[in-house]
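Notes for the one structure printed next.
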Amino acid sequence: MRLEPSFPALADYKSGPHDYLELVRRASEAVHVPIIASLNGITDEGWISYARQIEDAGARGLELNIYFIPADISQTGREVEQRYLDILRSVRAAVSLPIAVKLSPYFSSIGHMALELEGAGADALVLFNRFYQPDLDLVRLKVLTDLTLSDPAEIRLPLLWLAVLSGRVKASLAASTGVATTDEVVKYLLVGADVVMATSALLRHGVGYVGDLLGGLDTWLAAREFTSLEHVRGIMSQSRLRDPQAFERANYLKILQGYRAG
């Protein structure tokens, strides 16, 4: 027996596609900052159609949140990569908006995939997509479908790959996951992020927390007499470190040897 993918009925979603398009339209009219819409699709027709409608609604940029978990174990890694490239090329041909692709952290060669996406028309890359990871209810023997917000410990994987990619790809780099305080914002900027995302922090503290993050960043910069983000961005990326092995396997033994049990 073959299990087919199951999706909730449209009526079960709090906001349907048309509501989302209206939200993009209203937001674009209400604020001066660029509105970047996010899109997840299933079919080629859906990706293309809604990308065009999002552009018409006034968005200034588009994030392709492909969010694909290759649960079919017969599917090869190259087939998964090709899926991302095909979707990007289809949307790129359909709209003139700048396009960002939200990357999975599970490609066998993230750097090579980043270069391929850049060559296929990606203007920016978002590192990383935070896939749903299920848990189990041991009493009711059910799969839990709850949402767990990110925490600062999750910053390390995107921090590594942002540091490796910075200065080696032309696409803009956006950091996603693990931002709780200004500290995480600064770390992401130091390794080369052009943009830092903070969804979980805003869900915890409210939209006004953006001001706290920005204020903390200003304080950090002033304390070190940095007059511009350009003086900070990427100064600790792999390509600019005196010891580039700090982001490679060679540093692994140093970490193990330096560990002390608490």
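The values are calculated or read from the model by the stated rules, or taken from the named source; none is laboratory data. Everything quoted here is computed from the prediction, not taken from an experiment. Note: ideal-geometry Cβ built from the backbone for every residue, glycine included; neighbour counts use all protein chains shown. For the accessible areas, the whole protein counts, side chains as well, though only heavy atoms, and no ligand, DNA or RNA atoms are used. Shrake-Rupley method; radii C 1.70, N 1.55, O 1.52, S 1.80 Å.
How do the peptides 237-246, 188-197 rank, highest first, by the average count of neighbouring beta carbon atoms within 10 Å per residue?
Order by mean packing, descending: 188-197, 237-246.
Over the heavy atoms of Lys142, what accessible area does a 1.4 Å probe trace out, to the nearest 10 Å²?
Surface open to solvent at Lys142 totals about 110 Å².
Suppose we keep just the DSSP beta bridges with both residues in the chain; what percent of those would be antiparallel, to 5?
15
Against the 2.2 N^0.38 Å scaling, with N counting residues, where does region 142-244 land? I'd like the Cα-based Rg ratio to two decimal places. Mind showing how you got there, number by number?
Working: Rg = 14.8 Å, N = 103, 2.2 N^0.38 = 12.8 Å.
Compared with the compact-globule rule of thumb, region 142-244 sits at 1.15.
Excluding ligands and nucleic acids, what accessible area in Å² is computed for Arg140 using a 1.4 Å probe, to the nearest 10?
My reading of the accessible area for Arg140 is about 150 Å².
Quick one: Karplus J couplings for region 29-37, per residue in order, coefficients 6.51, -1.76, 1.60, θ = phi - 60°, nearest Hz, x for Gly and Pro?
7, 8, 10, 8, 6, x, 8, 10, 8
Find the relative contact order for the chain and round it to a whole percent, using C-alpha pairs within less than 8 Å whose residues are 6+ positions apart.
Once normalised by length, the contact order is 12 percent.
Could you give the nm distance between label points at Trp220 and Leu157, where each point is 7 Å from its Cα heading toward the beta carbon?
2.2
Given a 1.4 angstrom probe, I'd like the percentage of the accessible area of the chain that is carbon and sulfur, rounded to a whole number.
56
Leaving out same-chain residues fewer than 8 places away, which aspartates and glutamates sit with a Cα under 16 Å from that of Lys187?
Asp151, Glu154, Asp218, Glu230
Could you pull out which residues in region 40-66 have an amide N less than 12 Å from a spot 7 Å beyond the Cα of Phe131, following the Cα-Cβ vector?
Inside the label zone: nothing.
Pairs of Cα atoms under 8 Å, at least six residues apart: use those to get the relative contact order of region 181-254, whole percent.
38
Under Stokes-Einstein, with the Kirkwood radius over Cα pairs standing in for Rh, what whole-number D in µm²/s applies to region 153-196 at 37 °C and 0.692 mPa s?
323
When only the heavy atoms of the protein chains count and the probe is 1.4 Å, how do Thr148, Thr227, Thr182 rank by accessible area, highest first? Please report the intermediate quantities before stating the final value.
Working: Thr148 90, Thr227 120, Thr182 25 Å².
Most to least solvent-accessible, the answer reads Thr227, Thr148, Thr182.
More than 23 angstrom separation, counting every C-alpha pair in the chain; what % is that?
The share of Cα pairs beyond 23 Å in the chain comes to 61 percent.
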